[in-house]
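Each remark here refers to the structure printed beneath this line.
The values are calculated or read from the model by the stated rules, or taken from the named source; none is laboratory data. Because the structure is a prediction, the values reported are computed rather than measured. Counting neighbours? That spans all protein chains shown, and the Cβs are built from the backbone with ideal geometry, glycine included. What goes into the accessible areas is simple: the full protein's heavy atoms, side chains included, and nothing from ligands, DNA or RNA. Shrake-Rupley method; radii C 1.70, N 1.55, O 1.52, S 1.80 Å.
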Amino acid sequence: MLSRLAPIRRLLTTNIRTQTYLYSTSLSPAPGFYTEQHHQMSEMLNKIIERDINPFVKEWEKKGIFPAKEVFKNLGNHGLLGVTKPTENGGLGLDFSYSVAIAETLGNVKNGGVPMAIGVQTDMATPALAKHGNEQLKKEFLEPSIRGDYVACIGVSEPGAGSDVAGIKTTAREKGSDFVITGGKMWITSGTQADWMCCLAITEPGEKNPYKNKSLICLPMNTKGIHIEKKITKIGNNSSDTALIHFDDVIVPQANVIGERGKGFYYQMMQFQEERLWGSTNVLKAMECIISETADYCNQRKAFGRPILANQVVQFKLCELQTEIEALRSLVYRATKEYISGNDVTRLATMAKLKAGPLSRRVADSCLQYWGGMGYTDEVEVSRLYLDVRLLSIGAGADEVMMQILAKMNRWPDTYPM
């Protein structure tokens, strides 16, 4: 069997890496959206990816974890973990288009787990703290996260509440000037390595409105009573550790609440807009890369006396997928411009997330088909993409929840059963 695979491996190493079919690790030119400063930042990140990340991806995938503190410190030293964060806290103070540029460039990483963990650090666990936290909390938690000295995680999902954020049960009850937190969180990215968690918990038990009884709390992960129950085994994104965490009477100062008490649900909904745009952007390069590699492979691999790429059905499918990727890119760029202008982009960000999940799955599935039996091995990147991108239709709100949000925004009749 191994001898039969040898010619295919030679084909992969000698031809696929040429990337001849319209793929570049550089950002899209995007006149009017990306500037020279965006491109310079992207090229700096690409050098880090090529030198310090991609050569180790396979090793990290096998280990089921990557050295987040080491990788984040490297990124922090180059100012890449706080591009949109306030300059007074060590950030660069740039607008959200720079986060989009970072997310798009991170699509050049040869797996999904590392970019996801970086995105959690920059655009999922820290935006609310940067916007609504007091200076003491920013100094204690935000600034070391920007420097890469701390690894952050976001604690929203629970065993009984995922996309239904209002349904979380973790409670922070008052005790003097402290909170005592009980409950648990699940699917926590970087949960086994994190230094602190942006934790959503019920702080106002007397408030019956589930949208007004929660707060976001900065929770040091070395606090007594926090138990990492297990590192969850997943089918994809393996280099990113994912934890099930239990809180057993965890004491944290009430002063660690981000912004106003009772507004945690709304702060989290605002964080979701950035998270959904970030995730939708991050898959663009990964999809383009795998189409390029598939075209290269299909041009070299012959069946019935001619290259697989010589079949019209293959050409048409890849062209169709490229077109849909560009449509998603335009949607993300438009939403980003609106967001920078201060407009509510809930509708556009939701649409982008809804488009990105199914499209990335279709790209991975279609390309894997053209790789034939090789696509069903772990010898090629398309198989990893096939498993990694499946999460995009689940995390940060499932596809069905995105459709539900859009339907409500259309003010269509409620479809819940009476």
List the aspartates and glutamates whose Cα lies under 14 Å from the Cα of LYS63, skipping any in the same chain that are fewer than 8 positions away.
ASP241
In whole Å, what are the Cα extents of region 153-264 along the three principal axes, biggest one first?
40, 28, 22
Long-range Cα-Cα pairs in region 68-211 (distance over 23 Å), rounded percent
39 percent
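Figure the gain on full extension for GLU36 and PHE56 (residue separation times 0.36 nm, minus the Cα-Cα span) and round it to one decimal in nm. Walk me through the numbers before you get to the answer.
Working: separation 20, 0.36 × 20 = 7.20 nm, distance 2.98 nm.
Roughly 4.2 nm would be gained on extension.
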Once all Cα-Cα distances of the chain are split into 10 Å bins that start at 0, what whole-number percent is in each one?
5, 22, 31, 25, 12, 4, 1, 0
Per the 1.4 Å probe, what fraction of the accessible area of the chain, in percent, lies on carbon and sulfur atoms?
54 percent
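Peptides 109-117, 341-349, 388-396: what's the order by average Cβ count within 10 Å, highest mean first?
Numbers: 109-117: 25.0, 341-349: 15.8, 388-396: 22.3.
My ranking of the peptides, most packed first, is 109-117, 388-396, 341-349.
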Here is the link list: LYS139/LYS355; LYS73/LYS263; LYS169/LYS224. Which ones come out longer than 30 Å on Cα distance?
LYS139/LYS355; LYS73/LYS263
Check PHE179: other-chain or 5+ apart residues with amide H under 5 Å from its amide H, H built from backbone geometry?
VAL252, GLN254
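For region 349-382, which trypsin sites (Lys or Arg not before Pro) are in a loop by DSSP, counting at most 11 other Cβ atoms within 10 Å?
Working: sites: LYS353, LYS355, ARG361, ARG362; in loops: none.
Loop-located and lightly packed - none at all.
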Sorted on mean Cβ neighbours within 10 Å (highest first), peptides 147-154, 100-107, 39-46, 268-275 come out as 100-107, 147-154, 268-275, 39-46
Please calculate how many Å² of accessible area the chain carries per residue, with a 1.4 Å probe and no DNA, RNA or ligand atoms counted.
45 Å²
Place +1 on the Cβ of every Lys and Arg and -1 on the Cβ of every Asp and Glu in the chain, take the dipole about the Cα centre, and give the residue among GLY167, ASN209, ILE49 whose Cα lies farthest towards its positive end.
ILE49
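Between their Cα atoms, which of LYS138/LYS185; LYS175/LYS208; LYS131/LYS285; LYS69/LYS175; LYS185/LYS212; LYS214/LYS285 are more than 31 Å away from each other?
Details: LYS138/LYS185 23 Å; LYS175/LYS208 21 Å; LYS131/LYS285 29 Å; LYS69/LYS175 34 Å; LYS185/LYS212 20 Å; LYS214/LYS285 37 Å.
Check vs 31 Å cut-off fails for LYS69/LYS175; LYS214/LYS285.
What's the magnitude of the charge dipole for region 10-151 around its Cα centre, counting Lys and Arg as +1 and Asp and Glu as -1 at the beta-carbon? Answer in Debye, nearest 20. Intermediate results must be reported in sequence, preceding the final value.
On the way: 15 positive and 15 negative charges, 112 e Å.
That gives a dipole near 540 debye.
So for region 10-151, what percent of the C-alpha to C-alpha distances run longer than 24 Å? Can you show the working numbers first?
Values: 3483 of 10011 pairs.
Distances greater than 24 Å cover 35 percent of the Cα pairs.
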As a check on your grasp of the helix formula, calculate [θ] at 222 nm for the chain: sum -39500 (n - 2.57) over DSSP H runs of n ≥ 4, divide by the residue count, round to the nearest 500.
-14500 deg cm²/dmol
